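*Asks:* Take this structure first; my questions come after.
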Amino acid sequence: MNRPLALWWIKKDFRLADNPALTAALAAHERVLAVFFFEPDLLAAPETSAFHVAAWCEALTELRRRLEAHGGEVLVLHRGAVAGAGYIHEQQRIGTIYSHQEIGSELTYRRDRAMANWVAANGVDWHELPQTGVFRGGLDRDRRAKRWKDFMRAENILPTPAPEALNKLRIPPGRLTGENLPTEALRPDTFGHALTPDQRRYRQAISEAAAENTLRGFLYERGECYSGGISSPNLAFTCGSRLSVHLAWGTLTGRQVYAATEARQEELKDREDGEAKVWRKSLRSFKSRLHWRDHFIQRLESESGMEFTPLNPAYEDLPTPGDGYLDTWLAGRTGWPLVDACMRCAATTGFLNFRMRAFITSVAVHSLRIDWRKILYPTARLWADYEPGIHISQTQMQAGVVGINQLRIYSPDKQLADHDKEAVFIKQWIPELRDTEPQAILRHHLSPVPGYPTPPVDWRENSRAMKADYYAIKTLPETRQLAEEVYARHGSRKGPRRPPRKKTKPA
């Protein structure tokens, strides 16, 4: 009788290096089946877009090619994970499943709970292994920073398995087959998601090789301008690391990035020239953001309900009279040039720098007064680097419903003047303004440009009303008590907490 099969369930870990689930499976078993499920529920989810399906297809195709070079294979099934595991179990009998710990939306969390029930009912062992500095189970926030640094140490990085080990990844003979999916180049339109020609042109390649090239390009060529360049919607495409898609889809780990950054810092530490000083400043700033990335994902791991409910429940009923403006905002036709350019850029490229993502969220929630939950899934679909823990946490934070951070209300006119006063970004993404002088675009709120819409609301008036509603809730004793509880569960411990200012100035 054949031994039970070990399964490497590929989720968002499309790589061979530093892959705890793959490494553990190959170390413990003589035959391992690698499997990826194109899950109908995920394909149809309100958070899923063609950007995401394209990432699965491309990263999986490249992973299969790398494995085939060593005699390895990946079984691809178009069915739910639990149903797929049941199908495999009927044919070959699964003994153990290996996967990474996914910190996803409610949909994947529910799927994983169903899988836990299935393995328990069928006598299957399931090992979920962490691939990020996000910790499952009880977490002491006061000790998290040390635990995170211990996890990120370079000596913990796992090497690419040897070719003879990868040769174990074979689909066993018999009736176990994939479902007539393309083997050479999986395409998102196979699963009902089609990229536009412009989206195909602008989107980043997502594979382990592309991740390595992007990391090296950032650390040795582009990253010098990171500090001071990432706030600009124009410069961020070059000065930003552009690693977020690879971290989101697991073609690279944060631990690999952290170690490579520290190695680059070591190379620069004894240089006293001006260029080296600029590099060191940028790399320090970048490395701190790797810590913040896991900090925010940890919030979703610790409190899965935040997809639907504010971390501070006092803000549950914050008035949202502007929900009807959602489609106007999404289409990039608000009449605020920088908002519209950002929305159109995101829809085409799948990318926008952090400051502009915060900015468009603020405009939606604070100026147009749309419920933050109404924008959650539509904006998730925009991001090629969609990471639920980052996206949900940042949407709540920028909306102000966490209640432990200073409320930041971004002025569309000030942001335009600060970050695109020559209207370079505006003209790239808003064709109807390409023949308009930059000064006329900057003064659109005072003297409307013919043929371009005017904002549907008065920004100053709406923002003032929103602040009044917000602070009426924030100053309540029960809200303050809830904020202390939120801080205890989710606040950063990297430094002393500063009390929020009494007044909020436009950002």
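None of the figures in this text is laboratory data; all of them are computed from the coordinates on show. Model, not experiment: these values are computed from the prediction. Reconstructed Cβ throughout: ideal geometry from the backbone, glycine too, with neighbour counts over all protein chains shown.
*Asks:* For the range 305-384, which chymotrypsin sites (Phe, Trp or Tyr not before Pro) are in a loop by DSSP, counting at most 10 other Cβ atoms within 10 Å? Working shown, then result.
*Replies:* Numbers: sites: 308, 315, 325, 329, 351, 354, 359, 372, 383; in loops: 308, 351, 383.
Of the chymotrypsin sites (Phe, Trp or Tyr not before Pro), the ones in loops of the range 305-384 whose Cβ has at most 10 other Cβ atoms within 10 Å are 308.
*Asks:* Can you find, among 401, 384, 447, the residue farthest towards the positive end of the dipole of the range 306-490? Put +1 on the C-beta of Lys and Arg, -1 on that of Asp and Glu.
*Replies:* Comparing the listed Cα positions along the dipole, 447 ranks first.
*Asks:* Next up: Step through the residues of the range 158-174 one at a time and calculate ³J(HN,Hα) from phi using the Karplus curve (6.51 cos²θ - 1.76 cosθ + 1.60, θ = phi - 60°), rounding each to whole Hz and writing x for Gly and Pro.
*Replies:* 8, x, 4, x, 5, x, 5, 6, 5, 5, 5, 7, 10, 6, x, x, x
*Asks:* For residue 160 paired with residue 323, estimate the spin-label separation in nm (one decimal), with each label point 7 Å from Cα along the Cα-to-Cβ line.
*Replies:* 5.1
*Asks:* Same structure again: Express in whole angstrom the spacing between the alpha-carbon centres of the range 297-316 and the range 11-63.
*Replies:* 27
*Asks:* Test of understanding: what is the full-extension gain from residue 149 to residue 475, defined as 0.36 nm times their sequence separation minus their Cα-Cα distance?
*Replies:* Values: separation 326, 0.36 × 326 = 117.36 nm, distance 3.68 nm.
Here the answer is 113.7 nm.
*Asks:* Compute the separation of the alpha-carbon centres of the range 398-461 and the range 94-155 and state it in Å as a whole number.
*Replies:* 42
*Asks:* What is the angle, in °, between the Cα long axis of helix 388-399 and the longest principal axis of the Cα atoms in the chain? Nearest 10 is fine, range 0 to 90.
*Replies:* Taking Cα atoms only, the helix is inclined about 10 degrees.
*Asks:* In what sequence do 30, 179 fall when counting other Cβ within 10 Å, fewest first?
*Replies:* Numbers: 30 8, 179 12.
The order, fewest Cβ neighbours first, is 30, 179.
*Asks:* Using 7 Å Cα-to-Cβ label points, what is the residue 446/residue 272 separation (nm, one decimal)?
*Replies:* 5.0
*Asks:* Set Lys and Arg Cβ to +1 and Asp and Glu Cβ to -1, take the dipole of the chain about its Cα centre, and tell me which of 51, 157, 416 lies farthest positive.
*Replies:* Result: 416, furthest along the dipole toward the positive end.
*Asks:* Rank the residues 375, 171 as a footprinting-exposure proxy: fewest other Cβ atoms within 10 Å of their Cβ go first.
*Replies:* Values: 375 22, 171 16.
Ordered from fewest to most neighbouring Cβ atoms within 10 Å, 375, 171 come out as 171, 375.
*Asks:* Still on this structure, please answer the following. Could you compute how fast the range 1-131 diffuses translationally, taking Rh as the Kirkwood radius over C-alpha pairs and applying Stokes-Einstein at 4 °C with viscosity 1.567 mPa s? Give it in µm² per second.
*Replies:* Stokes-Einstein gives a translational diffusion coefficient of 85 µm²/s.
*Asks:* Another question about this same structure. Roughly how many nanometres apart are two label points built 7 Å out from the Cα toward the Cβ at residue 68 and residue 464?
*Replies:* Between residue 68 and residue 464, the label points sit 6.5 nm apart.
*Asks:* Residue 262 to residue 127: FRET efficiency via 1/(1 + (r/R0)^6), r the Cβ-Cβ distance, R0 51 Å, to the nearest 0.05?
*Replies:* Values: r = 29 Å, r/R0 = 0.57.
In this case the efficiency is close to 0.95.
*Asks:* Fewest Cβ neighbours within 10 Å first, please rank 38, 135, 51 accordingly. Could you put the intermediate results ahead of the total?
*Replies:* Numbers: 38 21, 135 18, 51 26.
So the residues, fewest neighbours to most, are 135, 38, 51.
*Asks:* Calculate, in nm to one decimal, what residue 83 and residue 234 gain on full extension: separation in residues at 0.36 nm each, minus their alpha carbon distance. The partial results should precede the final answer.
*Replies:* Working: separation 151, 0.36 × 151 = 54.36 nm, distance 4.58 nm.
That works out to 49.8 nm of additional length.
*Asks:* Still on this structure, please answer the following. Cβ under 10 Å from residue 77's Cβ, residue 77 left aside: what net charge do those residues give with Lys, Arg +1 and Asp, Glu -1? The partial results should precede the final answer.
*Replies:* Numbers: positive: 79; negative: 39, 179.
Its environment carries a net charge of -1.
*Asks:* Next question. With angles folded into 0 to 90 degrees, how steeply does helix 106-121 sit against the dominant principal axis of the chain? Use alpha carbons for both and round to 10.
*Replies:* The answer is roughly 20 degrees.
*Asks:* Still on this structure, please answer the following. Return the FRET efficiency for the residue pair residue 31, residue 287: r is the Cβ-Cβ distance, R0 is 56 Å, and the value is rounded to the nearest 0.05.
*Replies:* On the way: r = 40 Å, r/R0 = 0.72.
My answer for the efficiency is 0.90.
*Asks:* Roughly how big is the chain's charge dipole about its Cα centre, with Cβ charges of +1 (Lys, Arg) and -1 (Asp, Glu), in debye to the nearest 20? Please report the intermediate quantities before stating the final value.
*Replies:* Details: 71 positive and 61 negative charges, 273 e Å.
The calculated dipole for the chain is roughly 1320 debye.
*Asks:* From Cα pairs below 8 angstrom and at least 6 apart in sequence, can you work out the relative contact order of the range 1-131, rounded to a whole percent? Please report the intermediate quantities before stating the final value.
*Replies:* Numbers: 167 pairs, mean separation 46.7, N = 131.
Computed value for the range 1-131: 36 percent relative contact order.
*Asks:* Residue-wise, which Karplus ³J(HN,Hα) couplings in Hz belong to the range 9-21, taking 6.51 cos²θ - 1.76 cosθ + 1.60, θ = phi - 60°, and x for glycine or proline?
*Replies:* 8, 7, 10, 10, 9, 7, 8, 9, 7, 6, 10, x, 5
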